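The values are calculated or read from the model by the stated rules, or taken from the named source; none is laboratory data. Fair warning: this is a prediction, and the values are worked out from it, not measured in the lab. Methodologically, a virtual Cβ is constructed for each residue, glycine included, from the backbone with ideal geometry; neighbour enumeration extends over all protein chains shown.
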Amino acid sequence: MVLAFSLNLLIVKNHNEIAINKLCNDAIIKLANPYELCKINYQSMKKLKISALFLLMGSFVLNAQSLKSPDGKFEMNFQLKAGIPHYDLRYQGKPVVENSKLGLRLLRDGNIQFASEIENKDQKGKDLDNGFTKTAEKYDAKNESWEPIMGEKKSYLNHYNELAVTLNQEQNDRYIIIKFRLFNDGLGFRYEFPEQKNLNYFIIKEEDTEIDLPTDMKAWWIAGDYDSQEYQTQTTNLSQIPAKWPTSYDGNASQTLIKNAVQTPLMLKKEGKDQLYINISEAAVINYPASHLELDATHFKFKTHLTPDAQGAKGYIQTPAVSPWRTIIVSPKAEEVLASKMIFNLNEPTRYKDTSYIKPTKYMGVWWEMIIGKSQWAYSTANNVHIGKTDFTKLTPNGKHAANNTKVKEYIDFASANGFDALLIEGWNTGWEDWFGHSKEFVFDFITPYPDFDIKMLNDYAHSKNMKLMMHHETSGSATNYERWADEAFKLMNKYDYPSVKTGYVGNIIPRGEHHYSQWTINHYLRIAEKANKYKIMVNSHESVRPTGLSRTYPNWIAAEAARGTEFEAFGGNNPDHQTILPFTRFIGGPMDYTPGIFQTKLDYYFPGDTRFVKTTLAKQLALYVVMYSPLQMAADLPENYAKHMDAFQFIKDVALDWDDTVILAAEPGDYIHTARKTKGKDEWFVGGITDENARNYTVDFSFLPKGKKYEATIYADGDDADYINNPQSYKIYKKTVTNKSKLPMKLVRSGGYAISVTAL
């Protein structure tokens, strides 16, 4: 059955939009369509004649299409302007993203003989950003829940309305699809490239997706870079970014900066009467480079900037293919941005058949003492070694090698006595003498231990203590070498029952000219995750690309670093607001191995006169285990420092890693975060709160607890005289009986915090 009708409307420039929408909705009220299909752009027109053809399910052919979120608060509008696709986004009727272009420019379409023929002089008119006509649109919707292997909640709600628009480029006889999904917490959209006669292979020059913001917003940002995210977050208005950008970064082992660009996830805030928080990121980056955002600071407009390869190409595509999702999370409440799971919803479910080996892991490590300079990774005094040729038994030991049998056994003793799952040992394998800064491809073999590291004995010893060792594979950026050795390395792990590996990518990537976030390297990370799954191994990657929700698809990729973690407290320092920002930026896409738990924050304890220090109180270090979600958590300090504060260390021992529920109690990026989480499968909760450089008072409302039950709360708080600079180790511990009606005032000192364990009575 087909319903056809014509509408002739006289549109006055300032006509009421609601009335116009009602005319459209009334016309299709009886059609089986759950959301508005008719939208008129009245602001730029005086007269409009609409001829519309509606099918039974509500499909019709117009150049403009509208999509609403399930709750009706968001509206996305798509249209073609002179053959160029555009979209906009509104929340509660007010603009979030103004009319913005979509499309891609190509280096070459069709077949290519030599990759060096990068620029096609005859490319004019062949880009995927113009000359389109709309040939079809398809609406869909989904309302389902799914259970993550590990997560912040037992299940996540995936509820969206979808619009897929087919765009034909008649001049080149090819078509693409732009797919939009509108959730109650924001918008995701991507490009889809079906296989077809005239679109089998193409090379991307740039993706020109725009995000045109209506006003000059407050932004929490780091400098755009193809190789590093390890920068201090800057807090400025968008208009101030160009002036601040040249001083926003410091040196790094590998960096390729993009002037006036910023990285995602990007956190924004529209201040004032209609307060709004916006997070711009991406989801499901697979076989595609990671993106950055070029800023037009005058017009508050961002344009996507993809990471290139050595030749300047941004992506080699073979159809059928899809781009990552571009994501825009929006809410008037900062807490709801933190609670959003939209990025994970936009990733595909895992295809792994067996996930039983993927488990939350709490670990310690022979690590921090090398980071601060007390010990070394290298075994000998040599500075030029050859894997497979150098006889390390004949080299002169440097006397500072931390990964030795005696020290590792001491760590095992402490970690096992306190219930830890695993112990990481860095520097166990040969090659650290000249591992960095030489562009050395064959830098490690990942299977040969140093003479003072007895891998069998130490594994047997760890197993006798009911714990396991965690493998470390630093690649020095030589991804090609790692891929050659990965099978042998994982076989060794299986032999000695290592359940997990920490990988590292310090330095420039090999193949030379590739970047940490280019298409080839991103595919490398995924190949390693897939290969690790073959051997039932979990992966924790450092210096890798930031997560984009891929822990749903690759659940054994349980965590990553991909930001400035605790180690930078010993390098260039982290600002006191650092941890109050990261959950709004880096953590949006997935868990981070932040490595908290430093009790001895002043490094002059080891090196008299040393001015380095961890810019938090001890109590804030405890709170990080709750505020920063990860199923992989390290107690990063030395055993000797924990032994002096076993009462505070109890919280690290007790805190869970996997959750049935999470409640963001209060949050403001750059200022504070307060979070409550319920342990998976247990009637217990953990609460954590942190602040920036400002002291704050906060009252914990326990209304998240079940009614009619009593709980014992153990509170770990800043001491009355605590201060992150002058007295960071001052804390107090006390107990209270609480119910869901209880309210507990807390005092957080400068860069301080609190942690609470709540158990049923």
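Values for this structure:
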| item | result |
| --- | --- |
| Failed item in (1) of a type outside the set (A, V, I, L, M); (2) farther than 17 Å from residue 716 by Cα; (3) assigned by TED's automatic domain parsing to the domain that holds residue 671, with residue 625 passing the rest | (2) |
| From 486, 479, 529, residue being at pLDDT 95 or above, under 30 Å from residue 394 (Cβ atoms) and of a type in the set (Gly, Ala, Ser) | 486 |
| Matching option when the condition is without any contact (Cβ under 8 Å) to a residue 40 or more places away in the chain and farther than 20 Å from residue 499 by Cβ, among 400, 407 | 400 |
| First in segment 544-560 and outside the structural domain of residue 286 (by TED's automatic domain parsing) and part of a loop (DSSP other than H, G, I, E, B), second anywhere and surrounded by fewer than 23 Cβ atoms within 10 Å (Cβ to Cβ) and among the acidic types (Asp, Glu), Cβ under 7 Å, 6 or more apart | 553/348 |
| Top-ranked residue of segment 393-431 - restricted to ones that are aliphatic (A, V, I, L, M) and farther than 17 Å from residue 456 by Cα, ranked as surrounded by the most Cβ atoms within 10 Å (Cβ to Cβ) | 415 |
| Segment 456-480 residues that are under 13 Å from residue 429 (Cβ atoms) and assigned by TED's automatic domain parsing to the domain that holds residue 416, paired with ones that are at pLDDT below 95 and surrounded by 17 or more Cβ atoms within 10 Å (Cβ to Cβ) (beta carbon under 7 Å, 6 or more apart) | none |
| Any hit, segment 321-336, residues being surrounded by fewer than 21 Cβ atoms within 10 Å (Cβ to Cβ) and within 25 Å of residue 632 (Cα to Cα) | yes |
| Qualifying positions in segment 196-226 - under 19 Å from residue 324 (Cβ atoms) and of a type in the set (Asp, Glu) | 206, 207, 208, 210, 225 |
| Strands (runs of 3 or more DSSP E) contained in segment 263-357 and holding at least 2 residues more than 30 Å from residue 535 (Cα to Cα) and under 17 Å from the mean Cα position of the chain (by Cα) | 266-270, 276-283, 291-296, 325-331 |
| Where a residue in segment 712-735 is among the small types (Gly, Ala, Ser) and its partner, wherever it lies, is assigned to a strand (DSSP E or B) and crowded, with 17+ Cβ neighbours inside 10 Å, with Cβ under 6 Å and at least six apart | 713/738; 713/756; 713/758; 717/754; 719/731 |
| Members of segment 606-623 found to be of a type in the set (Lys, Arg) and within 26 Å of the chain's Cα centre (by Cα), listed by number | 615, 620 |
| Some residue of segment 194-210 being in a strand (DSSP E or B), β-branched (Val, Ile, Thr), touching a strand residue (DSSP E or B) at 6+ places or on another chain (Cβ under 6 Å) and surrounded by 19 or more Cβ atoms within 10 Å (Cβ to Cβ) | yes |
| Strands (runs of 3 or more DSSP E) enclosed by segment 598-690 - at least 1 residues per element that are surrounded by fewer than 21 Cβ atoms within 10 Å (Cβ to Cβ) and either of a type in the set (Lys, Arg) or free of Cβ contacts under 8 Å to residues at least 24 places away in the same chain (or both) | 672-679 |
| Exclusive hit being surrounded by 15 or more Cβ atoms within 10 Å (Cβ to Cβ) and more than 30 Å from the chain's Cα centre (by Cα), set 460, 434 | 434 |
| Hits in segment 493-503 (condition: surrounded by fewer than 20 Cβ atoms within 10 Å (Cβ to Cβ) and touching a residue at least 24 places away in the same chain (Cβ under 8 Å)) | 494, 496, 497, 499 |
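Here's the yes/no breakdown for (1) within 19 Å of residue 293 (Cα to Cα); (2) assigned to a strand (DSSP E or B):
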| site | (1), (2) |
| --- | --- |
| 161 | no, yes |
| 167 | no, yes |
| 175 | no, yes |
| 182 | no, yes |
| 188 | yes, yes |
| 236 | yes, yes |
| 245 | yes, no |
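Conditions tested, residue by residue: (1) in contact (Cβ under 8 Å) with a residue 24 or more places away in the chain; (2) surrounded by 17 or more Cβ atoms within 10 Å (Cβ to Cβ).
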position: 226; (1), (2): yes, yes
position: 234; (1), (2): no, yes
position: 241; (1), (2): yes, yes
position: 250; (1), (2): yes, no
position: 253; (1), (2): yes, no
position: 262; (1), (2): yes, yes
position: 273; (1), (2): no, no
position: 277; (1), (2): yes, yes
